[in-house]
1. Ranked highest first by the average count of other Cβ atoms within 10 Å around their residues, in what order do 19-31, 220-232 fall?
2. Cα convex hull of the range 117-157: mean projected area in nm², to one decimal?
3. As I understand it, the value is the acute angle between the Cα axis of helix 247-266 and the longest principal axis of the Cα atoms of the chain; what does it come to in degrees, rounded to 10?
4. Can you compute the label reach from R124? Point 7 Å from Cα along the Cβ direction, backbone N cut-off under 20 Å, restricted to the range 142-178.
5. Output needed for the range 207-273: three equivalent-ellipsoid semi-axes, defined as square roots of 5 times the C-alpha gyration tensor eigenvalues, in descending order, whole Å.
6. Which percent of the accessible area of the range 118-221 is formed by carbon and sulfur heavy atoms (probe 1.4 angstrom)?
7. Taking the Cα atoms of the range 148-257, what is the range of coordinates along each of the three principal axes, in descending order and whole Å?
8. Once the Cα atoms of the chain are picked out, what are the Rg and Dmax in Å?
Amino acid sequence: MSDTKTFLITGVSTGLGRALACAALAAGHRVVGTVRTPADARAFEALAGDAHARILDVTDHDAVDTVVNETERDLGPVDVLVANAGYGHDGLFEESSMDDLRRQFEVNVYGTVAVIKAVLPHMRERRSGHIIAVTSMGGLITMPGLSFYHGSKFAVEGILETLGKEVADFGIHVTAVEPGSFRTDWAGRSMTRAPRAIADYDELFEPLRARRVHGHGRQPGDPDKAAAAVLQIVAADQPPTRLLLGTDALRLVQAGRDAFERDMLAWAELSASTDFDEVSRPA
């Protein structure tokens, strides 16, 4: 049996999406990649290998359905979906608007879910497939100034974990890929930044924003190595539910889990006190 697969990857113009598409093409896979402009489509299809571009805005859910159904009809079954399209919003909670929140969730949550929902019936019918969504270490830990971004990624994490339990009996794998800091456009052109307005937050936030801006292009993570890691889990018989990428992700998520456990244990007696007393428990 051939190991060649058809990948559908959203957001292949730059960053991890582009690196993964190139790695999959180099490995002999077919890749259908979504982009936002005709120029990006031409550039993607000029890559060596079996590359097919589709212009798509993941917030247009009807268009998502159309792209997925046409791919299944014209190019064959989608074996691997990588829901990668997304962006970061850098801004303090109090300084960010409700419109900022809606846009963040429209792309990072609703767009991701729309693509998964379009692909899932085909995979369920075939009883096979691998759904991968690129979330972030920011779906498991938090940092000041990224509350809306963290909220979107925490939401996707919960959706994916639940989905994985729902489709496990259908031979469908679901994996959340959680990168740390990688040399992509996430902290550059792919990030929106809320204007500053409240001086009370200057001491906390200004150094953090400056570090994100000046650290762009110096992140420790190598997108090509991340792509190779994702291809390894695609080839695995039992891929993980979650895959952290980068030593910073391992360190920060572990620290977050340790802090959660300390809080849980410190307040365990109070937590347990909220059950009914056994003698008075209703029948």
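The values are calculated or read from the model by the stated rules, or taken from the named source; none is laboratory data. Being a predicted model, the structure only gives us computed values, none of them experimental. Positions of Cβ are generated from backbone atoms using ideal geometry, with glycine treated the same way; all protein chains shown enter the neighbour counts. SASA here: full protein model, heavy atoms, side chains in, ligands and nucleic acids out. Shrake-Rupley method; radii C 1.70, N 1.55, O 1.52, S 1.80 Å.
1. So the order, starting with the most tightly packed, is 19-31, 220-232.
2. 3.4
3. 30
4. 156-176
5. Gyration-tensor ellipsoid for the range 207-273: 31, 23, 7 Å.
6. Of all accessible area on the range 118-221, carbon and sulfur atoms account for 55 percent.
7. 53, 28, 27
8. Cα-based Rg and Dmax for the chain come out at 20.5, 73 Å.
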